[in-house]
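The structure appears right after this line, and notes come after that.
The values are calculated or read from the model by the stated rules, or taken from the named source; none is laboratory data. Being a predicted model, the structure only gives us computed values, none of them experimental. Glycine gets a Cβ as well: all are built from the backbone with ideal geometry, and neighbour counts include every protein chain shown. Keep in mind that these areas ignore ligands, DNA and RNA; they rest on the heavy atoms of the full protein, side chains included. Shrake-Rupley method; radii C 1.70, N 1.55, O 1.52, S 1.80 Å.
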Amino acid sequence: MAAAAVSPLAPEKFPALAPIAGVRLASYAAGVRYSGRTDLMVAELAPGSTIAGVFTQSTMPGQPVIWCRECLPGGSVRAIVVNSGNANVFTGRAGRAVVEQTAARAARLFDCQPSEIFISSTGVIGEPPPGDRITAALPHVVPLLAEDAWEAAARAIMTTDTFPKGATATATIDSATVRLNGFAKGSGMIAPDMATMLAYVFTDAALPAPVLQALLVPANATSFNSITVDGDTSTSDTVLLCATGQAKHAAIASAADPRLAGFREALDKVMVDLATQIVRDGEGAEKFVTIDVTSAESDGAARRIGLAIGNSPLVKTALAAGDANWGRIVMAVGKCGEKADRDRLSIAVGGVQIAAEGGPVPGYREGPVAEHMAGRYLEIVVDIGIGNGRARVWTCDLTHGYVDINGSYRS
């Protein structure tokens, strides 16, 4: 499959990610599926590093997801191994054997237990993974580990992505400055049901695994669980948050500790940045769309309404065409099953109120809205008018490019 042109919504460049004490990364061309590019990433974590994770809610999870779920209660991580090109999903006992062999081989290289090796795979579903290529490559990857290989690591895990995705932030715990770096992949098969892609966030903070987990779940809800490209939930969704414990601050035993306020904000920033980059790289996407839902029955209801709008093919194709067909937004609100009142509903696009009190706003002119919809960055606000719930959701338009990419995905 020929490389796609870089998304018109891509950032100008990969961000500068400073080293994080206790983290080294490397990439390698193992020949899992692709030729002429890297397809294997290894992240090494210092002994004693802790880990949290959230995974796909699909009932058809990949073998690496099953493995990570089994390992997560241990709360300890020494390495993460990720391959692209083959998802190791619906591969039966052979797929499980590849995961176990990969973990065992990496554990010997990093002098740890196999349960401290976390594994992810992304790519084609239903094809037996070439486990021998992965395990044979691992000894060649280890000498390449470096503290500054963030962009190379992000590139190695790409599939239909057109650009690598990275983000960084800093925070203060006590008087210590801590850093968070993250990278992710995702472009298609993106719909929130935990997360919808692969993402890895690292910090030098000294946080136990239960604290990390308690921080990750709500951060995930307002980032990776609030994006959609095509309404399809991946079988391989994984978000891992790792802490090396190298920062010098006093012990923290609870996620509710007020000293974590800045860290929580930084984590949210990194995860929202990565999540929205995935939407910007949506397969065939030409437009990035922010949907704010306010005054819903609850925050959860607001999110579900926002996703109903963001997942609607009719809404997304109208966005692609720059068609100010706000009736499709009304349709999406009405179909999702959440409480709404026609006569209280209000819709605005690009800051222009279009509909309210059960119909079009008197004197509404379509011209300014059509001009806004012709741009790259679109804003939709829907006020349900019945409660205090609110949510922000990100999506993209649906173009012929999506069909072209997915029609030739396996070729």
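Restricting to region 117-136, name every residue that is over 14 Å from Gly85 (Cα atoms), surrounded by fewer than 24 Cβ atoms within 10 Å (Cβ to Cβ) and either of a type in the set (Gly, Ala, Ser) or touching a residue at least 60 places away in the same chain (Cβ under 8 Å) (or both).
Hit for region 117-136 is Ala136, nothing else.
Which condition breaks for Arg328 when tested against (1) more than 30 Å from Ala43 (Cβ to Cβ); (2) in contact with a Phe, Trp or Tyr (Cβ under 9 Å, 6 or more places away or on another chain); (3) assigned to a helix (DSSP H, G or I)?
Just one mismatch for Arg328, condition (2).
Being surrounded by fewer than 18 Cβ atoms within 10 Å (Cβ to Cβ), in a helix (DSSP H, G or I) and in contact (Cβ under 8 Å) with a residue 24 or more places away in the chain is the filter here, so list the residues in region 297-325 that pass it.
Once the filter is applied, which keeps residues that are surrounded by fewer than 18 Cβ atoms within 10 Å (Cβ to Cβ), in a helix (DSSP H, G or I) and in contact (Cβ under 8 Å) with a residue 24 or more places away in the chain, region 297-325 yields Asp299, Gly300, Pro313, Thr317.
What about Arg342, is it under 21 Å from Val272 (Cα atoms) and of a type in the set (Lys, Arg)?
no
Please determine, by comparing only the residues of region 379-411 that are at pLDDT below 85 and among the β-branched types (Val, Ile, Thr), which one is nearest to Ile309 (Cα to Cα).
If we take residues in region 379-411 being at pLDDT below 85 and among the β-branched types (Val, Ile, Thr), then Val403 is nearest to Ile309 (Cα to Cα).
How about region 116-133: which of its residues are assigned to a helix (DSSP H, G or I) and in contact with a Phe, Trp or Tyr (Cβ under 9 Å, 6 or more places away or on another chain)?
Glu116, the sole residue that qualifies.
Suppose we keep only residues that are touching a Ser or Thr at 6+ places or on another chain (Cβ under 7 Å) and open to solvent by less than 50 Å² (accessible area, probe 1.4 Å) within region 89-116. Which one would you say is farthest from Ala52 (Cα to Cα)?
Across region 89-116, the extreme among qualifying residues is Val89.
Of the residues that sit in region 326-375 and are surrounded by fewer than 17 Cβ atoms within 10 Å (Cβ to Cβ), hydrophobic (A, V, I, L, M, F, W, C) and out of contact with any helix residue (DSSP H, G or I) (no Cβ under 8 Å at 6 or more places or on another chain), which one is farthest from Asn311 (Cα to Cα)?
The selected residue is Val361.
Based on what the data block shows, is Asp341 in contact (Cβ under 8 Å) with a residue 12 or more places away in the chain, out of contact with any Gly (no Cβ under 9 Å at 6 or more places or on another chain) and of a type in the set (Asp, Glu)?
So Asp341 does not fit the description; no.
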